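Structure record follows, encoded as structure tokens.
The values are calculated or read from the model by the stated rules, or taken from the named source; none is laboratory data. Worth saying up front: this structure is predicted, and the values here are computed from it rather than measured. Neighbour counts run over all protein chains shown; Cβ positions are idealised from the backbone, glycine included. For accessibility, only protein heavy atoms count, side chains too; no ligands or nucleic acids. Shrake-Rupley method; radii C 1.70, N 1.55, O 1.52, S 1.80 Å.
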Amino acid sequence: MRIVMIGAGYVGLVSGACFADFGHDVTCVDKDADRIAALNQCRIPIFEPDLDKLIESGINSGRLMFGTNLSSIGDADAVFIAVGTPSRRGDGHADLSYVRAAAREVAARLEGFTVVVTKSTVPVGTGDEVERIIRETNPAVDFAVVANPEFLREGAAIRDFQHPDRIVVGTEDERARKVMGQIYRPLYLNQAPILYTSRRTAELIKYAANAFLATKITFINEIADLAERVGANVQDVARGIGLDNRIGAKFLHAGPGYGGSCFPKDTRALSKTALDYGVQLRVVEATLTVNETRKRTMSRKVAGALDNDIRGKTIAVLGLTFKPDTDDMREAPSIALIAGLLDFGAKVRAHDPVGMEQAKKELSGIEYCDDPYSCARGADALVIVTEWRQFRALDLERIKTDMATPVIVDLRNIYRPEDVRSAGFKYESIGRQ
Ligand SMILES: NC(=O)c1ccc[n+]([C@@H]2O[C@H](COP(=O)([O-])OP(=O)(O)OC[C@H]3O[C@@H](n4cnc5c(N)ncnc54)[C@H](O)[C@@H]3O)[C@@H](O)[C@H]2O)c1
């Protein structure tokens, strides 16, 4: 199959490189010329484990190409739209301006029957709108619009794409269904189930999945707050409920609140879409509010660990990205935490294994350190915000000697309280004594 991927971000790059690996001919197009120039020299603009090797092998095989214009669309069997759908400023709806612009650009160049696929996360009804835009721009063209939401997780994106739990294809067009079947055939041979649904159903599946996962995290976070008060251990509670097959153990890790490029914006967009249709999703709305508040209150937790005497104190923050194995800073809990600490008058230093370049665009007024130990030196408290592997076995003795006061606030519960306390620290974590 000949595929054009519009948008060479996290989703477009991973999907494009994986499709090329399946044996398809893929051209990834991005309007960011610097990004494309870097990719053509095998320099990868994002951090995603093993993506560099996959892209290099795609380029070497001649099946993966990068460009800034849509000249190859005429020959394509399928054009995937994988551009961003961020929260719209002001009202939290999904901003569809990039999707609409891509649809207009595609429409002008289509030749012969082509499947236009929305891989971006888009609200219900966007497929209808993309179809309308293409028809209005180029009435003569033969095409079908399919919704094919992506479920990959940053940090494990290639594995997720190559071994998905399911592939969702939303179309009622028989020809489009055949093309999509051909594109995903290698995964189908691997037994990955393909779920064919209506287009609107496929669009809703993606939002329902993200909202459910965000709710699950938020639920255990609230249980963690209660566990702290009543003297219970949230990790044991999570295990105790997670072993129930109806609940499942995943997404039950209490922490500082979810962030990232998807959950916050997708839960907001879902609740706005529902209101547009006269439905109030109260559970999703509660999840949104609880999570936003939680991210901010983490700074109070840190202040509490210093007996609320935090003005002028130095706080060392370990981990800035919204989760490990990515450089993505979008809506990371570290942002609200650090803003809160600075508002309290604290000085903040931070270290992240790969996210510091991205973090510098979001967080100013803090000192960036090259490693966890220089970050901790002279600090009054050390806060673990992202559970990078590099932070799981720190030399506690060395850190204790170097810190001004030995206080650790572990917002990811990566240490055992008894180990840290016996090393001489005051230790606070989430949902545990
Ligand atoms: N990041 C994830 O983990 C993830 C997972 C599943 C789904 N999604 C969804 O996939 C979509 C893309 O997310 P992302 O994280 O890859 O975004 P991103 O911001 O990393 O990448 C989007 C890219 O599209 C490019 N672009 C925008 N308009 C363009 C146009 N008209 N022509 C060519 N290029 C254009 C931008 O320059 C940018 O490089 C979003 O809807 C997101 O919700 C993301």
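Computed quantities for the displayed model
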item	result
Those Cys residues of the chain for which no other cysteine Cβ falls under 4.7 Å	Cys18, Cys28, Cys42, Cys262
The range 146-270 pair-distance distribution - Cα-Cα, 10 Å bins, rounded %	12, 33, 32, 17, 6, 1
Met5 long-range amide H proximity, modeled H, under 5 Å	Thr27, Cys28, Val29, Phe80
Top of Arg200, Arg377, Arg229 by mean-square fluctuation, Gaussian network on the chain, Cα under 10 Å	Arg229
Ellipticity estimate at 222 nm from DSSP helix runs (n ≥ 4, -39,500 (n - 2.57)) divided over the chain, nearest 500	-13500 deg cm²/dmol
Cα pair distances of the chain binned at 10 Å [whole percent]	4, 20, 28, 24, 15, 7, 1, 0
Residue pairs, from the table Lys206/Lys426; Lys301/Lys323; Lys347/Lys400; Lys265/Lys361, whose Cα atoms sit over 31 Å apart	Lys206/Lys426
Taking all pairs of distinct alpha-carbon atoms in the range 41-169, Kirkwood radius in angstrom	16.3 Å
Two-decimal ratio, the range 247-290, of alpha-carbon radius of gyration to 2.2 N^0.38 Å	1.31
Charge tally in the Cβ shell below 13 Å around Pro193, where Lys, Arg are +1 and Asp, Glu are -1, Pro193 excluded	0
Burial order of peptide ranges 25-34, 51-60 (average beta-carbon count within 10 Å, highest first)	25-34, 51-60
Rounded Å value of the spacing that divides the Cα centres of the range 267-284 and the range 195-243	18 Å
For the chain, built as a Gaussian network whose Cα springs stay under 10 Å, the top-fluctuating residue of Val302, Val106, Val230	Val230
Pairs of alpha carbons in the range 189-232 whose separation is greater than 12 Å (percent)	72 percent
Hydrodynamic radius (Kirkwood) for the range 333-433, which is based on Cα pairs only, to one decimal in Å	14.0 Å
Förster-model FRET efficiency, 51 Å R0, Gln182 and Asp34, C-beta, rounded to 0.05	0.90
Whole-percent pair-distance distribution, where bins are 5 Å wide, for the alpha carbons of the range 49-105	4, 14, 16, 17, 17, 14, 11, 4, 2, 0
Calculated P(r) of the range 249-378 - Cα pairs past 19 Å, %	54 percent
Surface accessible to a 1.4 Å probe, Phe219 within the full protein complex, Å²	110 Å²
Cβ-placed point charges (K, R +1; D, E -1), dipole of the chain about Cα centre in debye, nearest 20	660 debye
Highest-first arrangement of 178-188, 310-320, 365-375, where packing means the average Cβ count within 10 Å	310-320, 178-188, 365-375
Over the range 362-418, volume per residue of the alpha carbon convex hull, in Å³	98 Å³
Surface accessible to a 1.4 Å probe, per residue, for the residues of the range 138-246, Å²	53 Å²
For the range 113-121, Karplus couplings with θ = phi - 60° (6.51, -1.76, 1.60), whole Hz, Gly/Pro x	5, 9, 8, 9, 10, 8, 9, 4, 7
Dipole moment magnitude, nearest 20 debye, the range 148-300 about Cα centre, only Lys, Arg, Asp, Glu C-beta charged	140 debye
In order through the range 316-331: 3J(HN,Hα) via Karplus (6.51 cos²θ - 1.76 cosθ + 1.60), integer Hz, x for Gly, Pro	9, 10, 9, x, 10, 5, 6, 7, x, 6, 8, 9, 6, 9, 4, 6
Extension gain from Ala108 to Asp236, taking 0.36 nm per residue of separation minus the Cα-Cα distance	40.3 nm
Cα centroid separation - the range 318-389 against the range 40-57, whole Å	25 Å
Net charge, Ser97 excluded, C-beta distance under 15 Å - Lys, Arg +1, Asp, Glu -1	+2
Equivalent-ellipsoid semi-axes of the range 99-175, from the Cα gyration tensor, Å, largest first	26, 13, 11
